[in-house]
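The values are calculated or read from the model by the stated rules, or taken from the named source; none is laboratory data. Here the structure is a predicted model, which means the values were calculated and not measured. FYI the Cβ positions are ideal-geometry reconstructions off the backbone, even for glycines, and counts take in every protein chain you see. We work out accessible area using only protein heavy atoms, side chains counted, and drop any ligands, DNA or RNA first. Shrake-Rupley method; radii C 1.70, N 1.55, O 1.52, S 1.80 Å.
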Amino acid sequence: MRQLSKINMLREQLGDIRNLGKKIALVPTMGNLHRGHLSLVKQAQELADSVVVSIFVNPTQFVAGEDFDNYPRTLAEDLDYLQQLNVDLVFIPDMDEIYPQDIQISAEVIVPELDTIYCGEYRPGHFKGVATVVTKLFNIVQPDIAIFGEKDYQQLLVIRRLVDNLNMPITVIGSPTVREEDGLAMSSRNKYLSAAERQQAPLLYKCIKKAVIAVKNGELNYQNLEKEALSTLKDAGFKPEYFSICDANTLKSPINQELVVLAAAWLGKARLIDNAAVQSYDGLLSV
Ligand code: PAF
């Protein structure tokens, strides 16, 4: 496994790999790797000949007052995991490498509409930061394939949209959410939960699953399902931001049979997000 922090060195290595006709996959991360990330890496290894994992805690996707300074940084452990998986290249750039100019006056990538709803409404500027850093990583690595977790469903849609709109020759793959035994989606931010909150946390996914089952069983009053879930979460001590049944491609009101249930809620100091797709069912979808 090679660890590189400079773009020119990485490009040199990737050039050699590409010249051999090998397919390259990128798994972008902010480190603090858990089983969820490792499953992205394993999927990348199945789909490509060579895998690059990037580790960069991107400041521009943290909104003022968020946890950028305290975001868990566990580089030594991360490298151990990646070594065990026999990853080819790990890219660990410094801030200056990714943002060579003052961030305030750097070019940015915006994915309109999708970036201001749901998480974008509660974290204004977050998706601009994600879209910008992911575009930079795509330009640096020029992968054939890039893999992202479906847990960050809105992020996945933002990235699919930017790849499509900016004509990037990259196949974006969404990888299924990895969960703890009790259903809680794995996330670096689960560390912020106290022991008591950790017991409560799986309720978010339980509410999502309940809504999925209700929709599959033909319930058409989505607003009621959303209200019910919000009040269950509040009663259990969560501070929900949103709980929504929406179109799986646009995140707007349902217009076809592909739906997703999306939710975000604070529990103590942890902001939890999760989602589940509603597979097609026989019935009308308007409320
Ligand atoms: O999902 C993440 O960890 C980050 O948002 C990403 C895609 C690595 C961009 O910083």
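For the chain, find the longest principal axis of its Cα atoms and tell me its angle to the long axis of helix 153-165, 0 to 90°, nearest 10.
50
Roughly what would the spin-label model give for GLN142 and LYS22, points 7 Å off Cα along C-beta, in nm?
Distance between label points: 1.6 nm.
Using 0.36 nm times the number of residues separating LEU166 and VAL63, minus their current alpha carbon distance, what extension gain do you get?
On the way: separation 103, 0.36 × 103 = 37.08 nm, distance 2.51 nm.
The LEU166-VAL63 span can extend by a further 34.6 nm.
From the protein chains alone at 1.4 Å, what is the descending order of accessible area for ASP102, ASP182, ASP67, ASP274, largest first?
Output order, biggest surface exposure first: ASP102, ASP182, ASP67, ASP274.
Measure nothing but the geometry: give the 0 to 90° angle between the long axis through the Cα atoms of 75-84 and the longest principal axis through the Cα atoms of the chain, rounded to 10°.
Its long axis makes an angle of about 80 degrees.
Over 18 Å between C-alpha atoms is what I'm after, so list which of LYS6/LYS128; LYS128/LYS227; LYS191/LYS227; LYS234/LYS269 land there.
The answer is LYS6/LYS128; LYS128/LYS227; LYS191/LYS227.
Taking the Cα centre of region 151-254 as origin and charging only Cβ (+1 Lys, Arg; -1 Asp, Glu), how large is the dipole, in debye to the nearest 20?
Dipole size: approximately 100 debye.
Evaluate the Kirkwood expression for the hydrodynamic radius of region 145-197, namely the inverse of the mean inverse distance over all pairs of different C-alpha atoms, and round to one decimal in Å.
Roughly 12.8 Å, rounded to one decimal.
Run lengths n ≥ 4 of DSSP H only: what is the helix-derived mean residue ellipticity at 222 nm for the chain, with -39500 (n - 2.57) per run over all residues, to the nearest 500?
Rounded to the nearest 500, it is -11000 deg cm²/dmol.
Mind checking which of ILE145, ILE213, ILE105 has the largest fluctuation in a GNM of the chain, springs on alpha carbons under 10 Å?
Among ILE145, ILE213, ILE105, the largest GNM mean-square fluctuation belongs to ILE105.
Which distance in Å, rounded to a whole number, links the C-alpha centroids of region 213-231 and region 116-170?
A separation of 29 Å, based on Cα centres.
So how far, in whole Å, is the C-alpha centre of region 92-109 from the one of region 5-61?
The distance from the Cα centre of region 92-109 to that of region 5-61 comes to 19 Å.
Length gain on complete extension for the stretch LYS210 to GLU113, per 0.36 nm per residue less the alpha carbon to alpha carbon distance?
That works out to 32.1 nm of additional length.
Answer rounded, prolate or oblate for region 168-253, using the Cα gyration tensor with square roots of eigenvalues a ≥ b ≥ c: rounded when a/c is under 1.5, else prolate when a/b is larger than b/c, else oblate.
oblate
Using the reciprocal of the averaged 1/r over all distinct C-alpha pairs, how large is the Kirkwood radius of region 1-114 in Å?
About 15.5 Å for region 1-114.
Could you please state how large a percent of the accessible area of the chain is carbon and sulfur, counting protein chains only and using a 1.4 Å probe?
So the carbon and sulfur contribution to the accessible surface is 48 percent.
Which of GLY129, GLN101, VAL87 sits closest to the plus end of the dipole of region 12-160, meaning its Cα is farthest towards the positive end, when Lys and Arg get +1 and Asp and Glu get -1 on the C-beta?
The residue sitting most towards the positive pole is VAL87.
Just how many % of Cα pairs in region 203-281 lie over 21 Å apart, if you round to the nearest whole percent?
Tail fraction, whole percent: 21.
Could you report the chain's accessible area per residue, 1.4 Å probe, as an integer in Å²? All intermediate terms of the calculation are to be shown ahead of the outcome.
Numbers: 14050 Å² over 287 residues.
Accessible area per residue: 49 Å².
Once you have the Cα-Cα distance between ARG11 and LEU85, take 0.36 nm times their residue separation minus that, and quote the gain in nm to one decimal.
That pair, ARG11 and LEU85, stretches by 24.4 nm at full extension.
Rounded, prolate or oblate: which one fits the chain, using the alpha carbon gyration tensor with axes a ≥ b ≥ c (rounded when a/c is under 1.5, else prolate when a/b beats b/c, else oblate)?
prolate
May I ask what percent, to the nearest 5, of DSSP beta bridges between residues of the chain are antiparallel? Write out the running numbers ahead of the final one.
Working: 18 of 37 bridges.
Percentage antiparallel, nearest 5: 50.
Nearest 10 degrees is fine. How inclined is helix 7-19 to the longest principal axis of the chain, computing both from alpha carbons?
90
Let me cross-check VAL52: its accessible surface, 1.4 Å probe, with only protein heavy atoms counted, in Å² to the nearest 10?
Using a 1.4 Å probe on the heavy atoms, I get roughly 0 Å².
Pull out a ≥ b ≥ c, the square roots of the eigenvalues of the alpha-carbon gyration tensor of region 60-198, then state rounded if a/c is under 1.5, prolate if not and a/b is larger than b/c, and oblate in the remaining case.
It comes out rounded by the Cα gyration axes.
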